[in-house]
């Protein structure tokens with residue numbers, strides 16, 4: 001998989017975590033807004049906490065002098081920011097982070113398996129040294145191990161439980177009421193559009209297919225959802241303008 005944005009280990013808070021430079025994310029998302037204004041808006045809007053979701057470091061300018069501030073954010077924070085952008089590029093970047101995390105987890109499983117195999121081979125060598133008579137048996141054991149098919153370890157997927165589903169339905173109903181009140185239309189006009197865009201964004205046919213691990217992202221999506229310009233224009237009074 002080609003590198004879309006550089007991910008590095010950085011100490012944020014009390015632990016070393018995967019992180020990205022917020023300036024790199026700003027450029028990759030193709031944001032036109034000035035970086036300093038954009039990052040401050042993300043921190044305020046998403047309620048990000050310093051030394052938990054991000055850290056700040058002095059930015060070196062020309063001649064090695066410090067000028068300005070760099071923001072290093074966790075990949076989890078970068079995923080939320082990407083999703084909140086509600087653009088195709090934001091969806092692409094968020095998917096990239098998820099794939100990187102998945103590949104990293106698979107690598108950890110593979111390394112554990114290799115360590116077990118290595119320890120077994122050491123034991124076999126010791127057996128050979130202790131008794132020459134066991135040599136043939138050990139060779140047969142090694143051959144059988146090589147022929148054993150690898151077992152693919154698949155992560156267990158948890159879907160939204162009844163409490164999560166109710167929380168999501170209530171959030172969408174609340175959002176629909178707010179938008180309907182602002183636009184002067186019925187709630188039944190707004191809520192179907194939120195559901196449709198939600199399922200499309202998370203690539204599911206039914207909201208019950210959403211993973212439990214995505215619940216935080218789902219609630220952020222509903223929180224920041226806004227009607228698009230081309231939506232509801234036929235139903236709106238002439239004095240209402242949709243951004």
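Structure values in brief
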quantity	calculated
Protection-proxy order for peptides 70-77, 32-39, each taking the mean of Cβ atoms within 10 Å per residue, highest first	70-77, 32-39
Residue 206-residue 32 FRET efficiency (beta carbon distance; Förster radius 45 Å; 0.05 resolution)	0.80
5 Å binning of all Cα-Cα separations within segment 8-91, expressed as whole percents from 0 upward	3, 14, 26, 26, 18, 9, 3, 0
Extension gain, residue 219 back to residue 17 (0.36 nm per residue minus Cα-Cα distance, nm)	70.3 nm
Cα-only Debye scattering, segment 162-224: base-10 log of I(q)/I(0) at q = 0.12, 0.19, 0.24, 0.27 Å⁻¹	-0.28, -0.67, -1.02, -1.22
Neighbour-count ranking [beta-carbon atoms within 10 angstrom, fewest first] of 163, 228	163, 228
Relative contact order, percent, segment 162-224 [alpha-carbon distance under 8 Å, six or more residues apart]	39
Length added when fully stretched, residue 52-residue 102, from 0.36 nm per residue minus Cα-Cα	15.8 nm
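Taken together, the values in this text are just the output of simple stated rules run on the coordinates, not laboratory data. Worth saying up front: this structure is predicted, and the values here are computed from it rather than measured. Heads up, the Cβs are rebuilt from the backbone with ideal geometry, glycines too, and the neighbour counts pull from every protein chain shown.
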